[in-house]
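The values are calculated or read from the model by the stated rules, or taken from the named source; none is laboratory data. Since the model is a prediction, treat every value here as computed from it, not as a measurement. Neighbour counts are summed over all protein chains in view; Cβ atoms, including those assigned to glycine, are modelled from backbone coordinates with ideal geometry. Please note that ligands, DNA and RNA were not included when accessible areas were found on the heavy atoms of the full protein model with its side chains. Shrake-Rupley method; radii C 1.70, N 1.55, O 1.52, S 1.80 Å.
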Amino acid sequence: MPQLNENFSTIILVGGKGSRFSKIESPPKHLTKLNKNLILINIINYINRSGFKHFIFPLGYKKKYFIKFFNSKHNQRKFQFKVIKNKVTNRDLQSKNKIISYFDAGKDTNKMTRIVMSLKYSSFNNLLIVYGDDIVNIDFKKIKDLFFKNKKKKVIVSVYKKNSQYGHLKINNRNEVKEFIEKPPHPLPINIGYYMINTLVIDDYYKKHYELEIDFLPLLAKKNLLRSFEHKGYFYSINDKKEFLTAKKNLKNL
């Protein structure tokens, strides 16, 4: 069975405006320090500890901050980065460093377009695709096992059963409150990203202007190509300052 660091590239989606977190001219939230380390470094390091070595960044808004960060000799030494401009191969993964690819995907391109544009920087058939502002302690070994148990043209999407932030009531037809439930789990799981996909699926089903969650994934669901993996650890999506402070409070070890 192939090992993770031999045939996967990880695409980290960081090209959005991030306007709910900071002003458009401010540095991106991904480069904000969360307790001991930057948000982006926490994400990269956790994924890397599970065997993934190649990280692709399709840049959009605030690209100058990422380019400066990755090109810094100090950061390359500190975080053990090696920036490669050409298509990454298995030989490149023999380096002790994390391999970084980045490119300008444009400000107005959607997530699916950025994923497709990223393919020219990888020689591998399998991809891990993650959002650059979600911090999770997901079990990549279990996802990998599920991925390789299925046929090559199957896609794994990670889901999470999130609790409501409100107290819920059960009410009968006479408007009598029969039960009060404090912050129950939502009946349907949420999509937390962390997709594992074979590039043949993209070749076969992607069409120009498709968006990831609106067009591409719903099509794969209709084709019975999506499989879910339920994550049961922590999950923090950092879209605004309130969510950032919650993650900062609860993730003091990061």
Note to self: Would you confirm whether or not the range 121-135 contains a residue that is out of contact with any strand residue (DSSP E or B) (no Cβ under 8 Å at 6 or more places or on another chain) and either assigned to a helix (DSSP H, G or I) or in contact (Cβ under 8 Å) with a residue 60 or more places away in the chain (or both)?
What the structure shows: no
### Query
Condition test on residue 17, is it assigned to a loop (DSSP other than H, G, I, E, B), open to solvent by 10 Å² or more (accessible area, probe 1.4 Å) and in contact (Cβ under 8 Å) with a residue 40 or more places away in the chain?
yes
Expected single match for more than 30 Å from residue 210 (Cα to Cα), surrounded by 18 or more Cβ atoms within 10 Å (Cβ to Cβ) and modelled with pLDDT of 95 or more among 66, 79 is 79
In the set 254, 219, the lone residue that is in contact (Cβ under 8 Å) with a residue 12 or more places away in the chain, in contact with a helix residue (DSSP H, G or I) (Cβ under 7 Å, 6 or more places away or on another chain) and assigned to a loop (DSSP other than H, G, I, E, B) is 254
A careful count of residues in the range 237-251 that are farther than 20 Å from residue 196 by Cβ and either assigned to a loop (DSSP other than H, G, I, E, B) or open to solvent by less than 50 Å² (accessible area, probe 1.4 Å) (or both) gives 6
Checked 59, 93 against criteria (open to solvent by less than 20 Å² (accessible area, probe 1.4 Å), over 18 Å from the mean Cα position of the chain (by Cα) and not aromatic (Phe, Trp, Tyr)); the one match is 93
If we keep only residues of the range 192-215 that are open to solvent by 10 Å² or more (accessible area, probe 1.4 Å) and over 13 Å from residue 112 (Cα atoms), then the residue farthest from the chain's Cα centre (by Cα) is 204
Notebook entry, point to check: Before we move on, is residue 157 within 19 Å of residue 46 (Cα to Cα) and either open to solvent by less than 50 Å² (accessible area, probe 1.4 Å) or among the aliphatic types (A, V, I, L, M) (or both)?
Noted result: yes
